[in-house]
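In what follows, a single structure is set out as structure tokens and then discussed.
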Amino acid sequence: MPQVLVDPAILAEVCRKHKLDEDMVFKLVSAEKAVGVRTHRLKEFRKLLGGEV
Amino acid sequence: MLIKSLELENFKVFHGINKVEIKPGPGNVVVVQGDNGRGKSTIMESIFWALYGKEKKYDRLVPANYHAIVNNTARKEGNAFARVSLRFEHDGRLIEVERRVAAKKGVSEPVRKADYEETLSFKVDGKDFGQDNSLIYDEFPEDVANFFFFDGETITRYAEAQENNRETVEKALGLPYLRQAREDVEKVEKDFEKDLRDVQSSPETEKIEGQLKGLRGRAAEMVTGLNDDEARLECLNNDIRQLQRNLEEFDDLRGIQQRISELEDFSRELAGEEASIVADEEEFRAQLPWLILSKSVRGAVDNVGKVKEQAVQERIEQGRMLDQIEFMKDLKSSGVCICGNSMDADGLGRIDEMLVKLNGALGTIQVIETDRYSWTQADLATAISKARTVDEQTSNIHSLEAKRKYLDDNREKVAAALERENDNLRTHSAQNLREKEVFERLTQLTKDKAVVQSKVDGAKEELSAIQRQVSELERLLEISFSRKSSASKSLLEAINRSNRVLKALEEMIDRSAEIKRAEIEKRSSQIYTSITNKPREFVGLSIDPATFEVKVRSEGGELVESRKLSDGERHVMALSFLGGLKDSTHEGTLIMDSPFGRLDQTHKTRLIEKIPELAENVVLLVTDEDLRENDWRCLNKVQSKFLLEHDQVQKYSRIQEVG
């Protein structure tokens, strides 16, 4: 149950400005943060940033 | 986090079961009052332990010391265990956490940490998650725990030195997670860049290119060798063709020789025939008179017949026969004179007879006498014989003439042909060659050709195989380039995207921090102005956007640094800042442990009056000195009050609710 830290309005505005998919950035900032899952987290990031997801 | 109840059993100074329950209204302030050392801070520590399994030491959470957690009295009583149960609401869900530590089975006198074992029960809306309390870490990260349960110590520390304010605020806001996300994006971006470098210097492509280079080099060498061999093969073919022509020339030569031989044979045959013809001609010349005679005889016979017929006719007309003499003259004038001694006047019958005989076979005539010839009977027989073959002889003479003509014609032709063929023979190109040598040379060259041809065929086959390999590798290379291009494109897009995400995250961090900073500044200013005893002089707090350092804003807009404030004023400022921070981050219960510190009575009173407004629920942990009788009168909305009673003999405390 990740904690959403960013104001959705800011998220939307920044994504629009930088021509980014809001859903993708939301997934990035709300990804699992526990230390033990760093490798998995980086894999998820790679998928997201690589446009696979 | 809205705390509903907290239950401690044998936790540190508390012996047995002790419970603080926060009921719904009226009032939202719970006061827990006790002298120093009776367990006020322990209550706050029990919450940290229940949530994180750690103890709070100087504003930090550290691994728990189990031996210190279990109440001494309980341990001596043989109950070497401690338990904390915390019930609270968050986001509409009821969360129940119970942490317990107990001596391991068989350990009667636990001393070391290893002598204990810890268990956790975590439930959300009644659903048991067992040991999995990851929700806690998501919703209430350890780093920011200080800011929703803060105590006098924290306030004092902030009042004295605003260390790492920005970091602290960012933690309170969860911004480190955004920074962590940013770091991870940066790491992934670096991975993309490394992948791009790897793709652009792809070992697979290099390997294929190396193989292609090797094969092309080998093919080029083979083509050169093949060209040499094919040139040699062409030379051999030319030589072989020449030798074959030579052999054909030998055939030609033999043909000429054969023709010469035939011509010579023919010439000899012609010579033989000529001899035969000459002989025939001589014979013919020898027979010629006889032939003439036989012709004359025939003419005579014809004439005799005519004369006889005429004579007979005349005699019939004249009534007599012609004189025999005249008759004979007539016969003589015709060239053939046949007379006989026996012939007389009435020899007509005999002549007739003779004529008949002459006309028929002439064989019966015995003697023919003429003025010119006096033939014997033998001559006559010969003449008759010759006469018989007169036609044949006539035919022979024609044949002989033809033969002579044929002979004459061919003799010249044969001579000319012979001369021609001999010329050919003399001038023939193979005249000076030896057929055996030519044949041996041809055999050798044919063998050489077979060897070279085999080599050429093998080389062509190998070259063809190499070309097929080259084609396959070129195809793979094309695919590799295509993949490389595609992968490079994807990676470049990913890097570009990562860059934009980094910028976006940075902007989000800055903007979120700024928004929160403004919120905290506004809220803490409200708290500050409601507590400070100089509300006209100091109109609020200012939080620096870069460092988050807190300063007091004067009426004229000037900022007053905290070091220029009194201890009490700094305490108010720190309390307001932390209060603002708490308010801007989490709703719920605020636990304040000895919050009055160095406040003077005015500030203290103002803060006490403000307490109910600081959070949805406030748990106030204070000493008797903190809240005197007058203070109690200022404190509104008190829901319940608990006293920390301490047994001096047993050395443990208990929580008692008082009316």
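Between segment B:530-602 and segment B:235-268, the alpha-carbon centres lie 132 Å apart.
Efficiency by 1/(1 + (r/R0)^6): what FRET value for residue B:647 and residue B:60, r their Cβ-Cβ distance, R0 = 22 Å, to the nearest 0.05?
Details: r = 31 Å, r/R0 = 1.41.
Using R0 = 22 Å, I get an efficiency of 0.10.
Between residue B:248 and residue A:27, the simple label model (points 7 Å from Cα in the Cβ direction) yields a spacing of 8.3 nm. Counting pairs of Cα atoms in segment B:457-530, how many percent are more than 15 Å apart? It works out to 76 percent of all Cα pairs.
A viscosity of 0.890 mPa s and a temperature of 25 °C, combined with the Kirkwood radius over Cα pairs in Stokes-Einstein, give a translational diffusion coefficient for segment B:527-659 of 150 µm²/s.
Within a 10 angstrom radius of each residue's Cβ in B:482-494, how many Cβ atoms of other chains show up on average? Whole number is fine. Mind showing how you got there, number by number?
On the way: counts 0, 0, 0, 0, 0, 0, 0, 0, 3, 1, 0, 3, 6.
The mean count of partner-chain Cβ atoms within 10 Å per residue comes to 1.
For residue B:460, the lysines whose Cα falls under 24 Å of its own Cα, not counting residues fewer than eight places away in the same chain, are B:213, B:447, B:449.
Based on the Kirkwood radius over alpha-carbon pairs, what value in µm²/s does the Stokes-Einstein equation return for the translational diffusion coefficient of segment B:201-255 at 25 °C and 0.890 mPa s? Spell out each step's value before the answer.
Values: Rh = 14.8 Å.
Here the translational diffusion coefficient equals 166 µm²/s.
Each residue of segment B:112-120 is assigned a 3J(HN,Hα), and the resulting list reads 7, 4, 5, 7, 10, 9, 10, 10, 9 Hz, derived from the Karplus form 6.51 cos²θ - 1.76 cosθ + 1.60 (θ = phi - 60°), x at Gly and Pro.
Cross-link partners for residue B:194 among the lysines, with Cα-Cα distance under 26 Å and sequence neighbours closer than 8 places in the same chain left out: A:19, A:27, A:33, A:43, A:47, B:207, B:484, B:489, B:503.
Ranked for footprinting exposure by Cβ neighbours inside 10 Å, fewest first, B:48, B:548, B:577 give B:48, B:548, B:577. Put in line by how crowded their Cβ is, counting other Cβ atoms within 10 Å and starting with the fewest, B:47, B:136, B:17 read B:17, B:136, B:47. Compactness of segment A:8-49 is given as radius of gyration and Dmax, 11.5, 34 Å, from Cα positions.
Give me Rg over Rh for segment B:49-92, both radii from the alpha carbons and Rh done the Kirkwood way, two decimal places. Working shown, then result.
On the way: Rg = 13.4 Å, Rh = 12.2 Å.
Expressed as Rg/Rh, it is 1.09.
Rounded if a/c is under 1.5, else prolate if a/b is larger than b/c, else oblate: which is segment B:543-609, with a ≥ b ≥ c the root eigenvalues of its Cα gyration tensor? Note, shape of segment B:543-609 comes out oblate.
In bins 10 Å wide, starting from 0, what share of all Cα pairs of segment B:1-49 does each bin hold, as a percent? Once binned at 10 Å, the Cα pair distances of segment B:1-49 give 22, 55, 22, 1. Taking Rh as the Kirkwood radius, which is the inverse of the mean 1/r over Cα pairs, what is the Rg/Rh value for segment B:497-573? Radius of gyration relative to Kirkwood radius: 1.16. The length gained by stretching the chain between residue B:549 and residue B:657 to full extension, at 0.36 nm per residue less their Cα-Cα distance, is 34.8 nm.
Do any of B:4/B:651; B:171/B:522; B:12/B:104; B:23/B:637; B:12/B:76; B:40/B:564 go past 23 Å between their Cα atoms, and which? Beyond 23 Å: B:4/B:651; B:40/B:564.
Take the Cα of residue B:405, step 7 Å toward its Cβ, do the same at residue B:428, and the gap between the two points is 3.6 nm.
Any read-out appearing in this document is the output of simple, stated calculations on the displayed coordinates, not a laboratory observation. Only a predicted model underlies this, so the values are computations on that prediction, with no experimental measurement involved. Note that we place each Cβ from the backbone using ideal geometry, even for glycine, and neighbour counts take in every protein chain shown.
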